[in-house]
Every structure is written in C-alpha cells, then in structure tokens.
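Engineer: The structure that follows is given in the form of structure tokens.
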Amino acid sequence: VRSNIPNTSLKPERNASLNVGLDLSVLRDRLSMSVDYYNNQISDMITAMPTTSVHGSGMYYANVGKMENKGVEFSLQASLLRTRNFEWIVGGNIAKSTAKLKALGGEKQVILDGNYNGMQLVNRVGESPYQFYGYQADGVFSTQAEADEAALVNRTGRSYSAGDVRFVDQNGDHRIDDKDRVLLGSASPDYFGGFYTQLKYKGLALSAEFSYSKGNQAYNGVRRSLESLSTFGNQSAAVVNRWSLEGQQTNIPRAQWNDPMGNNDFSDRWIEDASFLRMKNVTFSYSFDKKFLNFFRSGTLYVTGENLLTATKYLGLDPEFSYSYSDAMQGFDYAKMMQPKSIKFGVNLNF
C-alpha cells in the first residue's frame, strides 16, 4: 500500500537571518556581559498538508509554509571578590525564543494526528508550531445529578454519567467532539538558561552549575497509560483515588473496560508544567603545580556530582527529556530513561 504521495518539486527552505550582538568587558575584565538578538524569516518551509482521502494518504509535503523565529539572550559574568589567593566568580544567562507560523499554504491550521500514544498536535497560523491540541477537563462528575444537569454526550451520542470526566463544551452544543478541542500549550519554554558560581582559594576550587527552564509543557504519556483504568494492565497507585461512590470528590474518573466514554481522550489531564531548576554539576578540586619526587610536574584531584538535585512539579521521571530528534516530539514523554545521578572521582597528572 502507498504510505505517502511523492512531491518531486520539493526544494530547500529559505532563511533570511539577522543577528546582532554586543559584548562588553569592564573593570579589568571583572565584569563582562553580552546581548544577542536574532530574527529568522523562514519561507518555502516544508510543511505537512492535509489531502483528500481519495489519494489514500494522510499528508502531503510541500514548500508552502512561512515562519518567524526570533529571540534574545543576555549573559553576565562577574568576579565579585578577587585577591591574591582568593576569587569568587558568578555568572549566568537567560534566553527567550519565539516562533510564529505566518502561512500554511492557504490553510488556517493543520492538525497532526500521530500514533504517539494518542497525542494530537496542531500547526495554526499566528501561533507557535506543534501546539498540543485536545479537550479541556473540568474535573469529574461527582453525582448523577451533576451529569444530568450538564446534559453532555460524547462523540457517539452516549450521555456522561457520575464518575466521568467533565469536558468543557467549548461551542455549547452539548456534544463533546472535535469542535471542542483547543490549544493546550507547547513544549517551547517562556525562557530558559543557566547560572554558575566558582570559589577559588590557592589550589582549592569549588564550582556549581545550574540550568533552568520555565513555561514549557509536556505530555505525560506514561501517566496516561498508568491511569487509563480501561484494561487489565497494571496501573499506578494514583488510581486508588478513582471515582467509585456517589458524591465522591476526585479528579480521576471511574474504571470502565475499553473506555467507552472517552475519559482518557487527549486532554489537559495529561499536559503538565515541565518547568525545572537543576543542579547540572558540582565539583570540588585541588590543583598543584609543584614537582613531586621529580616525577609529577603538576596535577588536579577532583570529585564531581552530576544531576544531584532537581526542583520541578512534573510528575514524570525527568522534566528534561527528548523522545526523538523530531521537533514535533520534544514535548512527548513516554518512558525515556532519566538522566542519571552520578558521582565521579578523578585525577589529572602531568609528568
């Protein structure tokens, strides 16, 4: 069977780029800073476009997209205290990047339905690419009276009951279907960066490096599988709080074989804030430059800890992940191994 429609007219994308930077160092290099700004205007962008089912293919790739990608980064380093034997250095950077789709070949939006654990994405003109696209959930119907008052039906016409998810009826037609899907955020952070500090006294040095990201969303596909309550598969301890009694207040719906009501459809139930602050590494070292037994000229002894501390509200294994190299998959978390915590001891000797 045919999987794609070929396009022999595809050509490279075009990018008109502007980059402006300023570097400044004062006080005998004790304070240095830099500011960088970029603006990329991308045209002839290769974009997946919908086609009629007559073609027997879901998407057709063509040079029809336009996108603007711009951002700014600010970095600073300062030697707060410097004497003959002691120095304290701090520094860091913060960056903001914004991408906006300007054209999609005449389409206002293109829905990307992938086989990625039910995740749905959308490209919409005027928005950043690869936005999560699904339903908004407003808790769980606690009583049958609440469900009857809402008078909602799912896409197959079945009425919601107590214990079902209360999806937001965006257009007010009392039917939860594709017309009620909305933008749920994206994996692109509002801003990101890192900071570091270093203390040096004679041959001793203590340094630490941190990274952070704020405002990026993630689809926790692992939690969706382990809280589906629709198969005989193992589930997480969270499902102990599932709805099971009239009047029970909970955010986890009732257990139903095969999920006939669609309680586990792609919605903001599975979208989480993946912002984080992480200690990337901390190192304590001792360096010497005196000859030892006329054999060692100099050397360094050190111990380093990596990924020891992470502050985040994300419920997955690791808020800093990459499922694949695809841009569309950056916010998709489906059990990739977390970055390991490690402690390393090392020695570097010069003979």
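Engineer: Accessible area per residue, 1.4 Å probe, Å², for segment 20-129: what's the number?
Structural biologist: Counting only protein heavy atoms, the per-residue value for segment 20-129 is 58 Å².
Engineer: Where does segment 10-107 land on Rg/Rh, using Cα atoms and the Kirkwood Rh?
Structural biologist: Over the Cα atoms of segment 10-107, Rg/Rh equals 1.32.
Engineer: State the Kirkwood hydrodynamic radius of the chain in Å, one decimal place, computed from all pairs of distinct Cα atoms.
Structural biologist: 24.6 Å
Engineer: Let me ask something else. Going by a ≥ b ≥ c, the root eigenvalues of the Cα gyration tensor, does segment 157-262 fall in the rounded group (a/c under 1.5), the prolate group (a/b larger than b/c) or the oblate group?
Structural biologist: prolate
Engineer: Continuing with the same structure: Show me the trypsin sites (Lys or Arg not before Pro) within segment 273-334 that DSSP assigns to loop and that have at most 13 other Cβ atoms within 10 Å of their Cβ.
Structural biologist: Loop-located and lightly packed - K290, K291, R297, K313.
Engineer: PRE reach from S322 (point 7 Å along Cα→Cβ): which of segment 170-210 fall under 15 Å by backbone N?
Structural biologist: Answer for segment 170-210: 188-189.
Engineer: Hey, another quick one. Based on the alpha-carbon gyration tensor of segment 57-150 and its eigenvalue square roots a ≥ b ≥ c, which shape applies: rounded if a/c is under 1.5, prolate if not and a/b is larger than b/c, or oblate?
Structural biologist: Judged from the Cα gyration tensor, segment 57-150 comes out oblate (a/c at least 1.5, b/c at or above a/b).
Engineer: Calculate, for E127 and V239, the FRET efficiency according to 1/(1 + (r/R0)^6) with r their C-beta to C-beta distance and R0 51 Å; round to the nearest 0.05.
Structural biologist: After rounding to 0.05, the efficiency reads 0.90.
Engineer: May I ask for the Rg/Rh ratio of segment 235-316, computed from Cα atoms with Rh as the Kirkwood radius, given to two decimals?
Structural biologist: 1.43
Engineer: Enter the Cα centre distance for the pair segment 240-265 and segment 61-138, rounded to the nearest angstrom.
Structural biologist: Cα centroid of segment 240-265 versus Cα centroid of segment 61-138: 35 Å apart.
Engineer: At a 1.4 Å probe radius, carbon and sulfur cover how many percent of the accessible area of the chain?
Structural biologist: 55 percent
Engineer: In µm²/s, what is D for segment 117-185 at 4 °C and 1.567 mPa s, where D = kT/(6 pi eta Rh) by Stokes-Einstein and Rh is the Kirkwood radius from Cα pairs?
Structural biologist: Value of D from the Cα-based Kirkwood radius: 99 µm²/s.
Engineer: Still on this model: With labels modelled as points extended 7 Å from the Cα through the Cβ direction, what inter-label distance (nm, one decimal) is found for S25 paired with I5?
Structural biologist: Inter-label distance under the simple model: 5.8 nm.
Engineer: Would you give the gap between the C-alpha center of segment 160-178 and the C-alpha center of segment 269-284, rounded to a whole Å?
Structural biologist: First find each Cα centre; the distance between them is then 35 Å.
Engineer: Reachable lysines from K344, Cα under 23 Å, same-chain residues fewer than 8 places away excluded?
Structural biologist: Within the straight-line cut-off, K344 pairs with K200, K202, K280.
The values are calculated or read from the model by the stated rules, or taken from the named source; none is laboratory data. Not measured: the values here are computed from a predicted model. Here the Cβ is made from the backbone with ideal geometry for all residues, glycine too, and neighbour counts use every protein chain on show. The area values use the complete protein model at the heavy-atom level, side chains included, leaving out ligands, DNA and RNA. Shrake-Rupley method; radii C 1.70, N 1.55, O 1.52, S 1.80 Å.
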